[in-house]
Amino acid sequence: MFWIKRFFLPISDNISTTEKIISGVSALVAILCLGYVSLLFAGLQALPYITASIGASAVLVFATPHSPLAQPWPVLGGQIISAFIGVSISLSDVMPDLVIASAVAVSLSIIVMYLTRCLHPPGSAAALAAVLGGQQIQDMGYLYVLFPVAINAVLIVILGVVINRFVPGRRYPAIEKEKASLSSVAGEWALGAPKFQDEDLRAALTNMDSYITVSEHDLAQIYAMAMLNANKRRLGNVFCKDIMIKSPIKFRFDDELEAAWNTLQEHNIKGAPVVDQYDHLIGIVTTTDYMRHATGHHTGDTMQEKLRDFLKRSPGHTSDKAEVVGQIMSTTLNVADENQHIVDLIPVFTEKRFHHMPVVDSKGKVVGVVARSAVMRSMLITRS
């Protein structure tokens, strides 16, 4: 029984039940929309022309949206090019034997999809359907490539972009953002140098000489997350509350700029949380916020003069510049929970280049500030 299980079942299934349901429901919405759009433009005749291969495309677009096989060009190119090949073989008198014609259509579609960098498994199904579709598809000729195949492919890509946008954690198309994977997330400061670089990963994929259905970016992210988990296991239970600065410097919205600036300078810190009357976090004010607003305040020739003039309170009841902390604070916040493991903060500190992060309790009240240097120190002490 064990060998049967190993042979038939995948090695692992790490997908949550929620993700599986989301994938299925996303495909449901997409095929419903595709069907009704087809009905709108082609009437009742449209339903037979929703190709079976587009159902397979829906599996890739909504269950594996980060896969190279599911990206817009593979979906569009794979479906359209393969359908064109299938129709061409179907209309040709060279291969009257359907078995041979079917095999050649599938084979050619794979080769051409490889060469045009649009490998998409459902594409071969489109080619096969064109050969085996009978007289109805033969009568349509190359119109079959346009409708339903091309229209179906365009619609499923559009729906993939729209629907996946509303699912947290998904990127479709899976365009790489900044190259922050191996070097900056997994290999900076406390984590130590990575075992390999992006170029090494690319070379390894080339040496394998096999199509890997995970993008380079996702492979690098997997490596980075594995590094983080390894460090978490090595450190043991070290949480934000264990290394945070308790009773930190805090400001209120209506604290005057000069007083808050003097406090930052006196304690030699680059920023502090801004809280309401109940100590709930409403923002962060940093020396960078001061400099940015002072630069926009055109009085004074040097930065020091601009800053001095900016800090000075304006006389009277009206002002054309910011006067209190709440007017210059940043409201885009990254916050740590007091019971959060310190390793979880490393990607944020690395990517955002933060020096400090507010720490809140279960009620959302600010109870401390965790410094980048404190995380680094904890990592290095454990490493040594």
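The values are calculated or read from the model by the stated rules, or taken from the named source; none is laboratory data. Not measured: the values here are computed from a predicted model. In this analysis, Cβ positions are derived from the backbone assuming ideal geometry, glycine residues included, and neighbour counts consider all displayed protein chains.
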Original post:
Looking at region 326-367, which of the residues that are in contact with a helix residue (DSSP H, G or I) (Cβ under 7 Å, 6 or more places away or on another chain) and among the small types (G, A, S) is nearest to L257 (Cα to Cα)?
Top reply: S330
**OP:** Take the residues in region 250-277 that are in contact (Cβ under 8 Å) with a residue 60 or more places away in the chain and outside any strand (DSSP E or B), then tell me which one is nearest to V360 (Cα to Cα).
**Re:** K250
Original post:
What about L159, is it at pLDDT 75 or above, in contact with an Asp or Glu (Cβ under 8 Å, 6 or more places away or on another chain) and part of a helix (DSSP H, G or I)?
Top reply: no
Subject >> Counted residues, region 82-101 - those being part of a helix (DSSP H, G or I) and either of a type outside the set (V, I, T) or without any contact (Cβ under 8 Å) to a residue 40 or more places away in the chain (or both) >> reply: 11
**OP:** Within region 278-290, track down each residue that is within 32 Å of the chain's Cα centre (by Cα) and either assigned to a strand (DSSP E or B) or not hydroxyl-bearing (S, T, Y) (or both).
**Re:** H280, L281, I282, G283, I284, V285, T286, D289
Original post:
Are any of the residues in region 69-81 assigned by TED's automatic domain parsing to the domain that holds L146, more than 27 Å from V25 (Cβ to Cβ), aliphatic (A, V, I, L, M) and not in a loop (DSSP other than H, G, I, E, B)?
Top reply: yes
Original post:
Can you tell me which of E258, E266 is out of contact with any strand residue (DSSP E or B) (no Cβ under 6 Å at 6 or more places or on another chain) and either closer than 12 Å to M329 by Cα or surrounded by 12 or more Cβ atoms within 10 Å (Cβ to Cβ) (or both)?
Top reply: E258
Original post:
What number goes with the only condition from (1) free of Cβ contacts under 8 Å to residues at least 24 places away in the same chain; (2) assigned to a loop (DSSP other than H, G, I, E, B) that V348 does not pass?
Top reply: (2)
Subject >> Selection within region 334-345 - in contact (Cβ under 8 Å) with a residue 60 or more places away in the chain, within 22 Å of A272 (Cβ to Cβ) and among the β-branched types (V, I, T) >> reply: I342
Original post:
How many residues does region 319-345 hold that are among the polar types (S, T, N, Q), touching a strand residue (DSSP E or B) at 6+ places or on another chain (Cβ under 8 Å) and assigned to a loop (DSSP other than H, G, I, E, B)?
Top reply: 4
Original post:
If D255 satisfies every condition in (1) among the charged types (D, E, K, R); (2) out of contact with any Gly (no Cβ under 7 Å at 6 or more places or on another chain); (3) closer than 30 Å to N229 by Cβ but one, which is the exception?
Top reply: (3)
Original post:
If you check V104 against the conditions, is it in a helix (DSSP H, G or I), farther than 24 Å from L60 by Cβ and within 39 Å of the chain's Cα centre (by Cα)?
Top reply: yes
